[in-house]
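Below is one structure, written out as C-alpha coordinates; the observations come after it.
The values are calculated or read from the model by the stated rules, or taken from the named source; none is laboratory data. The shown structure was predicted, so the numbers you read here are calculated from the model rather than taken from an experiment. As a convention, Cβ positions derive from the backbone with ideal geometry for all residues, glycine included, and neighbour counts pool all protein chains shown.
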Amino acid sequence: MSTPHWFDQGSLVLASNNKGKVAEFEKLFEQLKLPVEIIPQGRLNIPDAIEDGLSFIENAIIKARHASKISGKPAMADDSGICVPVLGGAPGIYSARYAGEHGDDAANNAKLLNDLLPYRKNGEVIEGMFVCVLALVTHAEDPLPQIFQGIWHGEILEAPRGENGFGYDPLFWLPELQVSSAELSKEDKNKISHRGQAMQLFRESLQK
(Lines give C-alpha, C1' and ligand atoms only; values in the text may rest on other atoms or scores of the structure.)
Protein backbone atom coordinates (compact mmCIF):
# COMPACT_ATOMS: atom_id res chain seq x y z
CA MET A 1 0.00 0.00 0.00
CA SER A 2 1.43 3.38 -0.97
CA THR A 3 1.46 6.27 1.47
CA PRO A 4 0.06 9.61 0.23
CA HIS A 5 1.92 12.78 1.19
CA TRP A 6 -0.83 13.78 3.62
CA PHE A 7 0.13 10.74 5.74
CA ASP A 8 3.24 12.72 6.71
CA GLN A 9 1.10 14.85 9.02
CA GLY A 10 0.32 11.70 10.99
CA SER A 11 -3.36 12.40 11.50
CA LEU A 12 -6.64 12.83 9.65
CA VAL A 13 -9.66 14.67 11.01
CA LEU A 14 -12.98 12.87 10.68
CA ALA A 15 -15.55 15.60 10.04
CA SER A 16 -18.46 14.21 12.02
CA ASN A 17 -20.01 14.60 15.46
CA ASN A 18 -22.42 11.68 14.90
CA LYS A 19 -21.43 9.06 17.49
CA GLY A 20 -22.78 6.14 15.48
CA LYS A 21 -21.01 7.27 12.34
CA VAL A 22 -17.74 7.92 14.20
CA ALA A 23 -17.85 4.42 15.71
CA GLU A 24 -18.33 2.87 12.27
CA PHE A 25 -15.45 4.86 10.80
CA GLU A 26 -13.11 4.00 13.66
CA LYS A 27 -13.85 0.32 13.07
CA LEU A 28 -13.36 0.68 9.31
CA PHE A 29 -10.04 2.49 9.70
CA GLU A 30 -8.93 -0.15 12.20
CA GLN A 31 -9.65 -2.81 9.59
CA LEU A 32 -7.68 -0.85 6.96
CA LYS A 33 -4.63 -0.75 9.26
CA LEU A 34 -3.61 2.69 8.04
CA PRO A 35 -0.54 4.31 9.68
CA VAL A 36 -2.41 7.47 10.55
CA GLU A 37 -4.34 8.66 13.61
CA ILE A 38 -8.04 9.32 13.04
CA ILE A 39 -9.29 12.29 15.09
CA PRO A 40 -13.07 12.84 15.33
CA GLN A 41 -13.70 16.58 14.99
CA GLY A 42 -15.50 16.69 18.33
CA ARG A 43 -12.20 15.97 20.05
CA LEU A 44 -10.93 19.24 18.58
CA ASN A 45 -14.14 21.12 19.50
CA ILE A 46 -14.98 21.63 15.84
CA PRO A 47 -18.70 22.40 15.44
CA ASP A 48 -20.84 20.93 12.68
CA ALA A 49 -20.59 22.69 9.34
CA ILE A 50 -23.62 24.33 7.74
CA GLU A 51 -24.73 21.76 5.17
CA ASP A 52 -26.27 23.96 2.50
CA GLY A 53 -25.30 21.91 -0.54
CA LEU A 54 -27.87 20.30 -2.83
CA SER A 55 -26.19 16.91 -3.12
CA PHE A 56 -24.32 14.37 -1.02
CA ILE A 57 -21.09 15.30 -2.82
CA GLU A 58 -21.47 19.03 -2.16
CA ASN A 59 -22.22 18.52 1.54
CA ALA A 60 -19.35 16.07 2.02
CA ILE A 61 -16.90 18.59 0.53
CA ILE A 62 -18.35 21.43 2.63
CA LYS A 63 -17.86 19.41 5.82
CA ALA A 64 -14.35 18.26 4.92
CA ARG A 65 -13.19 21.81 4.08
CA HIS A 66 -14.76 23.14 7.29
CA ALA A 67 -12.94 20.61 9.48
CA SER A 68 -9.66 21.10 7.63
CA LYS A 69 -9.82 24.89 7.86
CA ILE A 70 -10.34 24.88 11.62
CA SER A 71 -7.89 22.07 12.40
CA GLY A 72 -5.19 22.82 9.84
CA LYS A 73 -5.10 19.10 9.07
CA PRO A 74 -6.25 16.85 6.23
CA ALA A 75 -9.91 15.93 6.71
CA MET A 76 -12.37 13.33 5.55
CA ALA A 77 -16.12 13.86 5.62
CA ASP A 78 -19.02 11.58 4.96
CA ASP A 79 -22.41 12.67 3.71
CA SER A 80 -24.88 9.86 3.61
CA GLY A 81 -28.55 9.09 3.72
CA ILE A 82 -31.33 6.90 2.51
CA CYS A 83 -33.09 7.48 -0.82
CA VAL A 84 -36.49 6.04 -1.69
CA PRO A 85 -37.39 6.23 -5.39
CA VAL A 86 -41.18 6.37 -4.86
CA LEU A 87 -40.62 9.49 -2.74
CA GLY A 88 -38.56 11.15 -5.44
CA GLY A 89 -35.33 10.22 -3.69
CA ALA A 90 -36.36 11.53 -0.26
CA PRO A 91 -35.24 11.68 2.50
CA GLY A 92 -31.94 11.99 0.59
CA ILE A 93 -29.59 14.71 1.85
CA TYR A 94 -32.16 15.57 4.52
CA SER A 95 -32.11 12.07 6.04
CA ALA A 96 -30.67 13.16 9.40
CA ARG A 97 -33.27 15.91 9.83
CA TYR A 98 -36.18 14.42 7.90
CA ALA A 99 -38.57 14.89 10.81
CA GLY A 100 -37.19 18.32 11.66
CA GLU A 101 -34.95 17.54 14.61
CA HIS A 102 -31.40 16.75 13.54
CA GLY A 103 -30.34 13.30 14.63
CA ASP A 104 -33.69 12.11 16.02
CA ASP A 105 -33.67 8.58 14.63
CA ALA A 106 -37.04 7.53 16.04
CA ALA A 107 -38.85 10.56 14.61
CA ASN A 108 -37.13 10.21 11.24
CA ASN A 109 -38.07 6.54 11.00
CA ALA A 110 -41.66 7.25 11.98
CA LYS A 111 -41.99 9.98 9.35
CA LEU A 112 -40.57 7.74 6.63
CA LEU A 113 -43.00 4.95 7.49
CA ASN A 114 -45.90 7.40 7.49
CA ASP A 115 -44.89 8.93 4.16
CA LEU A 116 -44.77 5.47 2.59
CA LEU A 117 -48.27 4.41 3.69
CA PRO A 118 -49.96 5.56 0.43
CA TYR A 119 -47.51 3.46 -1.58
CA ARG A 120 -47.99 0.18 0.26
CA LYS A 121 -50.55 -1.59 -1.91
CA ASN A 122 -51.12 -5.33 -2.01
CA GLY A 123 -47.83 -6.01 -0.28
CA GLU A 124 -45.75 -4.30 -2.95
CA VAL A 125 -42.04 -4.06 -2.21
CA ILE A 126 -40.73 -0.54 -1.66
CA GLU A 127 -37.15 -0.21 -2.80
CA GLY A 128 -34.63 2.00 -1.08
CA MET A 129 -30.92 2.63 -1.12
CA PHE A 130 -28.36 3.90 1.32
CA VAL A 131 -25.88 6.33 -0.26
CA CYS A 132 -22.50 7.33 1.14
CA VAL A 133 -20.15 9.92 -0.31
CA LEU A 134 -16.71 10.40 1.24
CA ALA A 135 -14.73 13.54 0.52
CA LEU A 136 -11.05 13.79 1.38
CA VAL A 137 -9.22 17.12 1.32
CA THR A 138 -5.52 17.51 2.07
CA HIS A 139 -6.08 21.13 3.09
CA ALA A 140 -9.02 23.53 3.32
CA GLU A 141 -8.56 24.96 -0.17
CA ASP A 142 -7.68 21.67 -1.86
CA PRO A 143 -8.74 22.19 -5.51
CA LEU A 144 -9.06 18.46 -6.12
CA PRO A 145 -11.03 16.75 -3.34
CA GLN A 146 -11.01 12.98 -3.61
CA ILE A 147 -14.51 11.52 -3.81
CA PHE A 148 -15.54 7.94 -3.01
CA GLN A 149 -19.16 6.78 -3.32
CA GLY A 150 -20.99 3.67 -2.18
CA ILE A 151 -24.62 2.65 -2.81
CA TRP A 152 -26.36 -0.14 -0.88
CA HIS A 153 -29.63 -1.44 -2.31
CA GLY A 154 -32.42 -2.90 -0.24
CA GLU A 155 -36.09 -2.58 0.71
CA ILE A 156 -37.98 -0.51 3.27
CA LEU A 157 -39.75 -2.49 5.98
CA GLU A 158 -43.19 -1.67 7.39
CA ALA A 159 -41.86 -1.75 10.97
CA PRO A 160 -38.41 -1.57 12.60
CA ARG A 161 -36.36 -4.73 13.11
CA GLY A 162 -33.10 -5.14 15.00
CA GLU A 163 -31.17 -3.29 17.68
CA ASN A 164 -27.79 -2.61 16.05
CA GLY A 165 -26.59 0.30 13.96
CA PHE A 166 -28.25 3.70 13.89
CA GLY A 167 -30.39 5.95 11.72
CA TYR A 168 -32.62 4.05 9.30
CA ASP A 169 -30.89 0.69 9.82
CA PRO A 170 -33.95 -0.92 11.50
CA LEU A 171 -36.08 -0.17 8.41
CA PHE A 172 -33.56 -1.32 5.78
CA TRP A 173 -34.25 -4.89 4.68
CA LEU A 174 -31.72 -7.02 2.82
CA PRO A 175 -33.75 -9.68 0.96
CA GLU A 176 -30.71 -11.71 -0.05
CA LEU A 177 -29.72 -12.12 3.61
CA GLN A 178 -33.23 -12.03 5.11
CA VAL A 179 -32.17 -9.58 7.79
CA SER A 180 -32.40 -5.86 8.40
CA SER A 181 -29.29 -3.72 8.53
CA ALA A 182 -29.90 -3.37 12.28
CA GLU A 183 -29.68 -7.16 12.66
CA LEU A 184 -26.16 -7.31 11.23
CA SER A 185 -23.06 -7.23 13.40
CA LYS A 186 -20.88 -4.15 12.97
CA GLU A 187 -18.24 -6.27 11.22
CA ASP A 188 -20.70 -7.85 8.77
CA LYS A 189 -22.35 -4.52 8.05
CA ASN A 190 -19.02 -2.87 7.26
CA LYS A 191 -18.26 -5.54 4.65
CA ILE A 192 -21.29 -4.70 2.51
CA SER A 193 -22.70 -1.31 3.53
CA HIS A 194 -22.63 1.90 1.53
CA ARG A 195 -20.01 3.27 3.91
CA GLY A 196 -17.99 0.08 3.70
CA GLN A 197 -18.09 0.24 -0.09
CA ALA A 198 -16.90 3.85 -0.12
CA MET A 199 -14.12 3.04 2.33
CA GLN A 200 -13.01 0.14 0.14
CA LEU A 201 -12.69 2.52 -2.81
CA PHE A 202 -10.64 4.82 -0.57
CA ARG A 203 -8.38 1.91 0.31
CA GLU A 204 -7.96 0.98 -3.34
CA SER A 205 -6.98 4.57 -4.13
CA LEU A 206 -4.04 4.22 -1.76
CA GLN A 207 -2.75 1.23 -3.71
CA LYS A 208 -2.50 3.08 -7.03
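Points worth noting:
- One residue stands out among those in the stretch 60-94 that are part of a helix (DSSP H, G or I) and in contact with a Phe, Trp or Tyr (Cβ under 7 Å, 6 or more places away or on another chain): the one that is nearest to Glu24 (Cα to Cα), which is Ile93.
- When Ala23, Ala15 are screened for being in contact with a strand residue (DSSP E or B) (Cβ under 8 Å, 6 or more places away or on another chain), under 25 Å from Lys191 (Cβ atoms) and among the small types (Gly, Ala, Ser), only Ala15 passes.
- Check on Ala182, surrounded by 17 or more Cβ atoms within 10 Å (Cβ to Cβ), among the hydrophobic types (A, V, I, L, M, F, W, C) and either modelled with pLDDT of 95 or more or touching a Leu at 6+ places or on another chain (Cβ under 9 Å) (or both): yes
- Residue match in the stretch 12-25 (condition: of a type in the set (Ser, Thr, Tyr), touching a helix residue (DSSP H, G or I) at 6+ places or on another chain (Cβ under 6 Å) and buried (at least 21 other Cβ atoms within 10 Å of the Cβ)): yes
- Tally, over the stretch 110-138, of residues that are out of contact with any strand residue (DSSP E or B) (no Cβ under 9 Å at 6 or more places or on another chain) and either under 25 Å from Ala49 (Cβ atoms) or hydrophobic (A, V, I, L, M, F, W, C) (or both): 2
- Extreme residue, surrounded by the fewest Cβ atoms within 10 Å (Cβ to Cβ), among residues of the stretch 68-85 that are touching a Lys or Arg at 6+ places or on another chain (Cβ under 8 Å) and more than 20 Å from Gly128 (Cβ to Cβ): Ala77
- Hits in the stretch 23-59 (condition: of a type in the set (Phe, Trp, Tyr) and under 13 Å from the mean Cα position of the chain (by Cα)): Phe25, Phe56
- One residue stands out in the stretch 101-126 among those that are surrounded by 14 or more Cβ atoms within 10 Å (Cβ to Cβ) and not aliphatic (A, V, I, L, M): the one that is farthest from Ser205 (Cα to Cα), namely Arg120.
- All of (1) loosely packed, with under 13 Cβ neighbours inside 10 Å; (2) closer than 25 Å to Tyr94 by Cβ hold for Pro175 with one exception: (2).
- Under the condition of being without any contact (Cβ under 8 Å) to a residue 24 or more places away in the chain and more than 21 Å from Asn164 (Cα to Cα), the residues counted in the stretch 100-121 number 6.
- Total residues in the stretch 65-99 satisfying the condition of being among the polar types (S, T, N, Q), more than 16 Å from Asn18 (Cα to Cα) and in contact (Cβ under 8 Å) with a residue 60 or more places away in the chain: the figure is 1.
- Contact map, the stretch 38-49: residues that are in a helix (DSSP H, G or I) paired with residues that are crowded, with 18+ Cβ neighbours inside 10 Å, Cβ distance under 6 Å, separation 6+ or inter-chain. Pairs shown: Gln41/Val13; Gln41/Ala15; Gln41/Ala67; Leu44/Ser71.
- Hits in the stretch 60-110 - residues which are polar (S, T, N, Q) and under 19 Å from the mean Cα position of the chain (by Cα): Ser68, Ser80, Ser95, Asn108, Asn109
- Filter pass, Arg97 being basic (Lys, Arg) and either modelled with pLDDT under 95 or touching a Cys at 6+ places or on another chain (Cβ under 7 Å) (or both): yes
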